[in-house]
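Single-structure report; data block below.
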Amino acid sequence: MVSKTEEEQVNRLESQVENGGGGEWEYLCLVRKLKLRRSYNVLKYGFSILNDPKKRSALGPEEWTLYEQVAVAAMDTQRLDMAKDYVKVLQEKFPESKRVGRLEALLLEAMGLWEEAEKAYSSLLEDNELDPVIHKRRVAMAKAQGNISGAIEWLNKYLEIFMADNDAWRELAEIYVSLQMYKQAAFCYEELILSQPTIPLYHLAYADVLYTLGGLENLHMAKKYYASTIDLTGGKHTRALFGICLSTSAIDQLTKGRNKDDKENSQLASLSATALGKDYKQRAPNKVSLLASTLKA
């Protein structure tokens, strides 16, 4: 994640370059370092450097890194003619390079040549089956074609190898939720919570899935994870406070007074409702009456 200071630095450099103050190479290096997606500017400033023999030769070995960066930006902006030219330059310079091979496959993707791209990726994986970039490209390619079942398959295969990739677990969970496959999504969020137990977003997402699944056991678990979300955010997470109220109400409806924890549930729901009331009075005073009627419903 890019910090506020880093973002300000990028914006300052961008403004400097746009106003003719120089610093194109520094800007391109910073964008690459922070892994930002500013393709139009990368293409514009990278092209100007690569088209100037004096500036290009001054880069030394970094010249080839810039060719790669601009080639990707050209694909991103659908300037496939430029992308082909730059990939060709890299192919001639590094004919046996696997990194250039990935770039070639990426170009095939950008051109919509899915079968050829898949063949290229398969060939690269034969040489190195532990290349995470290629596995991720297969997932992205399946999603780009609308092949969600294929994306799920590739993500699961990827996670068999790279089990510690939290971004992949989250992506898989979100796909499952979009398909209403809540049990599978719950498993993904359990993995995320085990890996990073202090991130409230995972607790909240897991609670939402459990609440959606329904049933007394799931509702009790949902309430627990809404509570942990509130705890991790200093007691000020509006959605989790609503989750406590909704879970408690659903539990009451299912047990109809037979629940031995009725008193505790009632107190927790009351505390959550009070916290929501204070929050709404501060941020949306005109909605307080609507909140009160919603919580009574």
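Report, as a whole number in µm² per second, the diffusion coefficient that Stokes-Einstein gives for the stretch 51-99 at 25 °C and 0.890 mPa s using the Kirkwood radius over alpha carbon pairs.
On the way: Rh = 11.2 Å.
So the translational diffusion coefficient is about 218 µm²/s.
Size of the dipole of the chain about the Cα centre, Lys and Arg at +1 and Asp and Glu at -1 on the beta carbon, nothing else charged, in debye to 20? All intermediate terms of the calculation are to be shown ahead of the outcome.
Values: 39 positive and 41 negative charges, 272 e Å.
About 1300 debye.
Can you tell me what the convex hull of the Cα atoms of the stretch 130-280 projects to on average, as an area in nm²?
Values: hull surface 40.3 nm².
If I average the Cα hull's projected area over directions, I get 10.1 nm².
Any chance you could give the angle, 0 to 90 degrees and rounded to 10, that helix 24-33 forms with the longest Cα principal axis of the chain?
Once rounded, the angle reads 50 degrees.
Rounded if a/c is under 1.5, else prolate if a/b beats b/c, else oblate: with a ≥ b ≥ c from the C-alpha gyration tensor eigenvalues square-rooted, which is the stretch 162-244?
Working: a/c = 2.00, a/b = 1.23, b/c = 1.63.
The shape class here is oblate.
Just in the stretch 77-130: which GluC sites (Glu not before Pro) are loop by DSSP and have at most 13 other Cβ atoms within 10 Å? Could the numbers behind the result be given before it?
Numbers: sites: Glu92, Glu96, Glu104, Glu109, Glu115, Glu116, Glu118, Glu126, Glu129; in loops: Glu96, Glu129.
Within the stretch 77-130, the qualifying GluC sites (Glu not before Pro) (loop, at most 13 other Cβ atoms within 10 Å) are Glu96, Glu129.
Tabulate in residue order the Karplus-calculated ³J(HN,Hα) for the stretch 110-122, using 6.51 cos²θ - 1.76 cosθ + 1.60 with θ = phi - 60°, rounded to whole Hz; enter x for Gly and Pro.
For the stretch 110-122, the Karplus curve yields 4, 7, x, 8, 5, 5, 5, 5, 4, 4, 5, 5, 4 Hz.
Based on the mean of other beta carbon atoms within 10 Å per residue, what is the order of 242-253, 52-63, most packed first?
Output ranking for 242-253, 52-63: 242-253, 52-63.
Work out the FRET efficiency for Phe94 and Lys4 from their Cβ-Cβ distance, taking R0 = 35 Å, and round it to the nearest 0.05. Intermediate results must be reported in sequence, preceding the final value.
On the way: r = 38 Å, r/R0 = 1.08.
About 0.40, to the nearest 0.05.
Want the number for Gln180 to Glu153: 0.36 nm per residue separation, take away the alpha-carbon distance, what's left? Before the final figure, lay out each step's value.
Working: separation 27, 0.36 × 27 = 9.72 nm, distance 1.66 nm.
Extra length available between Gln180 and Glu153 comes to 8.1 nm.
Among Trp169, Ser272, Leu155, whose Cα lies farthest out toward the positive end of the dipole of the chain, if unit charges sit on the beta carbon of Lys, Arg (+1) and Asp, Glu (-1)?
The residue sitting most towards the positive pole is Ser272.
Separation between the Ala144 and Leu125 pseudo-spin-labels, each 7 Å from Cα along Cα→Cβ, expressed in nm?
It is 1.6 nm.
Once Rh for the stretch 1-40 is found with the Kirkwood sum over Cα pairs, what is the Stokes-Einstein diffusion coefficient at 25 °C and 0.890 mPa s, in µm²/s?
Numbers: Rh = 10.2 Å.
Answer from the Stokes-Einstein relation: 241 µm²/s.
Two decimals is fine: what is log10 I(q)/I(0) at q = 0.07, 0.16, 0.17 Å⁻¹ for the chain, from a Debye sum with one equal scatterer on every Cα and no solvent?
Debye curve over Cα of the chain, log10 I(q)/I(0) at q = 0.07, 0.16, 0.17 Å⁻¹: -0.44, -1.21, -1.28.
Under a no-solvent Debye model with one identical scatterer per Cα of the stretch 105-154, what's log10 I(q)/I(0) at q = 0.20, 0.23, 0.27 Å⁻¹?
-0.62, -0.81, -1.06
Can you compute the FRET efficiency between Ile161 and Arg56 using 1/(1 + (r/R0)^6), with r the Cβ-Cβ distance and R0 = 51 Å? Round to the nearest 0.05.
Values: r = 39 Å, r/R0 = 0.76.
In this case the efficiency is close to 0.85.
Please give the direction-averaged projected area of the C-alpha convex hull for the stretch 1-159, in square nanometres with one decimal. Kindly include the intermediate steps, with their values, before the conclusion.
Details: hull surface 42.3 nm².
Result: a mean projected hull area of 10.6 nm².
Please give the charge dipole size of the stretch 107-208, origin at the Cα centre, charges +1 on K and R Cβ atoms and -1 on D and E Cβ atoms. Round to the nearest 20 debye.
Roughly 280 debye, rounded to the nearest 20.
Read the figures in this text as sums done on the coordinates, not as results from a lab. Please read these numbers as outputs of a predicted model, since none were measured by experiment. Glycine also receives a Cβ, built like all others from the backbone with ideal geometry; neighbour counts cover every protein chain displayed.
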